[in-house]
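Since the structure comes first, as C-alpha cells, the remarks are kept for the end.
The values are calculated or read from the model by the stated rules, or taken from the named source; none is laboratory data. The structure presented is a predicted model; accordingly, all values stated were derived computationally and were not measured. A quick note on method: Cβ atoms are made from the backbone with ideal geometry, for glycine too, and the neighbour counts reach across all protein chains shown. When the accessible area is computed, the model is the full protein with side chains, heavy atoms only, and any ligands, DNA or RNA have been set aside. Shrake-Rupley method; radii C 1.70, N 1.55, O 1.52, S 1.80 Å.
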Amino acid sequence: QGTRDHAPAQVALRERLLSAVVSCFKRHGAAAIDTPALELRETLIGKYGEGTKLIYELQDQGGELLALRYDLTVPFARYLAMNKITNMKRYHVAKVYRRDSPAMTRGRYREFYQCDFDIAGQFDPMIPDAECLKIVHEILSDLQLGDFVIKVNHRQILNGVFDVCGVPESKFIPACSTVDKLDKVPWEEVRSEMVGEKGLSPEAADRIGEYVQLHGGLELIEQLLQDPKLSQNKLAKEGLGDMKLLFEYLSLFGITEKISFDLSLARGLDYYTGVIFEAVLLQQEKEHGEEAVSVGSVAGGGRYDGLVGMFDPKGRKVPCVGVSIGIERIFSILEQRLEASGEKLRTTETQVLVATPQKHLLAARLKLISELWDAGIKAEMLYKKDPKLLKQLQYCEDTGIPLAAIVGEQELADGVVKLRDVATREEVRM
C-alpha cells in the first residue's frame, strides 16, 4: 500500500534526523506552524501541474469535496491569505499524501514526512533565496550524506528560452514539465514527448535542446547575458540578472562550489515564479557488492510569488520563497548505511534502570524510581515483582541503558544506592 510501519530503531534514526533538520531551521529564526491534513479540494487542484493526478480526493458525509494535502506549500499560502499575514519565516514538519506508485527502495511512499522552511514577505531581491540555498547546504553537510550538488535555475529564464525558441505562451507550463524529466531520461525522449504529446514544432524542440543542456556557474550566466537572442528577451534578461545577484550572495556564504546553474532544471509544479532549485546526491558507496542506492533529489524548492494571491479575496500578493527537505529519501540512505555497518542504534533515551538483587524489594524500587522521575531523570524498571539481577542487567545491555541503580537489603540498611556502569561493570556506592 506504499506506507510502512517503523521498528523502534528506525523511529530513533528518524527522530535523530528530524532533530538535526529542525535545529537548522530554528538557527535561522523560523517559527513552527501547523495546518490541517485535510484541505478543500479546490485549494489543491490546479497547483501541481501533472502532480494533480496524484492528489488523494475524499468526500465527506455532507457532500463537501476534500483532499489530503499533497505538500506543505499550498496549505501555507492559504494560511497566510486567510490570516492576512504578510511577513513570516516559518518551518513545518508534517506528513503529506500522494497516490503515487510506491518505490520503497528509493524512499518513495504514499504517506511521508516533509520538512519545509519558507520566508514570506516583501524583501530585496535574492537575499531570502540565497538563505534557503544556504540552509540546504548546511543540512546536507551536517548529515554527512556524501557529495551533493544543488542545481539552480529560474522560471523566467526558462520562459525566456521557450519564448525565443518559438513556443506559444499557452504551452510554457506543459513544456516545463517535460523539460523537468531531463534528469531521468535522455534528451531524445524529452524531445519526442515535446513534439508528439505537447505539440511543439521539431524546430522549436531542437532550439530548446541547445539551451536546456547547458550547465555551469557565473561564467554561464555572463555568457547567456551576451546571447544575441536571450539578451533581447525581457523575461530572460530579468531572470539572468537575478541569477547573477544570487551567485554574488552565494559566494559570500562560501557555498558556490556546490551550486550548479542548470538550464534543464524545471521543477514541474505550476506555482513557481522565480528561482528554483533542487539538491541531488552524486553517488552512494556500494556495500558488499550491492546496488548503489539511487535516491534522486533530496531537497527542492523555489520562489512562488503568486500563490498567496490565489487565496486572497482581493488578490493581494505575498512574495514567498521556500525549501522542502526530502526526509524520507535521506532516511532510506541512512537506514541502509546503518544496516550495512551492523551498528546498533539506541532505541531508548533511558539513563538508568532501577534494579534489585533480592526478592521482596518492589517497594524500594517504586520509591526510588518515583524520586528519579520527579527529578527529571529518565528511568525504567522491569515490571516484575522479583526479577533476577542478571535479567535486569541483560535488559540494560540489550536496550543500551548506560547505568543501573541497585538497591538491595544492605544498601537500604546503609541508606545508599549502588550505581553500576553497565559497560565497564564499575560500581560506586552513593
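Could you let me know the centre-to-centre spacing of region 192-207 and region 211-269, using Cα atoms, in angstrom?
If we compute the Cα centre of each part, the gap is 24 Å.
For helix 202-212, what angle does its Cα long axis make with the longest principal axis of the chain, in degrees from 0 to 90 and rounded to 10?
50 degrees
Tell me, what is the FRET efficiency for K181 and D305 to the nearest 0.05, using R0 = 25 angstrom and their Cβ-Cβ distance as r?
0.50
May I ask you to list the GluC sites (Glu not before Pro) in region 22-76 that are in a DSSP loop and have at most 11 other Cβ atoms within 10 Å of their Cβ?
Those that pass, being in a loop and sparsely packed, are E64.
Could you please put S370, S170 in sequence from largest to smallest accessible area, using a 1.4 Å probe?
So the residues, ranked largest to smallest area, are S170, S370.
Could you tell me the calculated FRET efficiency between D147 and A413, based on Cβ-Cβ distance and R0 = 56 angstrom, to the nearest 0.05?
0.35
Just to check I understand the Karplus step: with θ = phi - 60° and J = 6.51 cos²θ - 1.76 cosθ + 1.60, what whole-Hz values come out for region 420-430, glycine and proline as x?
Working through the residues one at a time gives 10, 7, 4, 6, 8, 6, 6, 10, 10, 9, 9 Hz.
Expressed as a rounded percentage, what relative contact order does the chain have, with Cα pairs under 8 Å and six or more residues apart?
This gives 17 percent for the chain.
Counting only heavy atoms of protein chains, what accessible area per residue, in Å², does region 112-252 have with a probe of 1.4 Å?
44 Å²
In Å², and per residue, what accessible area does region 352-429 have when probed at 1.4 Å with the other protein chains present?
63 Å²
Expressed in nm to one decimal, what extension gain is obtained for the pair K384 and A31 from 0.36 nm per residue of sequence separation less their Cα-Cα distance?
Extending this stretch completely gives an extra 122.6 nm.
Which order do peptides 73-82, 299-308 fall in by mean Cβ count within 10 Å, highest first?
Values: 73-82: 22.2, 299-308: 23.8.
Per-residue mean Cβ counts within 10 Å order the peptides as 299-308, 73-82.
Run the accessible area of the chain with a 1.4 Å probe and give the carbon-and-sulfur part as a rounded percent.
Carbon and sulfur together cover 52 percent of it.
About the Cα centre of region 149-191, how large is the charge dipole given +1 on each Lys and Arg Cβ and -1 on each Asp and Glu Cβ? Please answer in debye to the nearest 20.
100 debye
Give the aspartates and glutamates reachable from K89 as a straight Cα distance under 14 Å; neighbours fewer than 8 places away on the same chain don't count.
Those aspartates and glutamates meeting the cut-off are D34, D116, D118, D129, E131.
Can you pull out the GluC sites (Glu not before Pro) in region 140-201 that DSSP calls coil and that have at most 15 other Cβ atoms within 10 Å?
Counting only loop positions with at most 15 other Cβ atoms within 10 Å, the GluC sites (Glu not before Pro) in region 140-201 are E197.
Distance from the Cα centre of region 51-103 to that of region 115-146, in angstrom?
For region 51-103 versus region 115-146, the Cα centre distance is 22 Å.
Hey, which lysines would be in cross-link range of K391, C-alpha to C-alpha under 22 Å, not counting anything within fewer than 8 residues on its own chain?
Within the straight-line cut-off, K391 pairs with K344, K359, K367, K378, K418.
Grab the Cα-Cα distance for L40 and T86, subtract it from 0.36 nm times how many residues apart they are, and report the gain in nm with one decimal. Write down the numbers at each step before the final one.
On the way: separation 46, 0.36 × 46 = 16.56 nm, distance 2.25 nm.
Result for the pair: 14.3 nm of gain on full extension.
In nm, to one decimal, how far is the modelled label at E248 from the one at T348, with both set 7 Å along Cα→Cβ?
5.8 nm
Of the listed pairs K198/K317; K26/K314; K84/K171; K95/K384; K47/K84, which have alpha-carbon separations greater than 28 Å here?
From the list (K198/K317; K26/K314; K84/K171; K95/K384; K47/K84), the Cα-Cα distance tops 28 Å for K198/K317; K26/K314; K84/K171; K95/K384.
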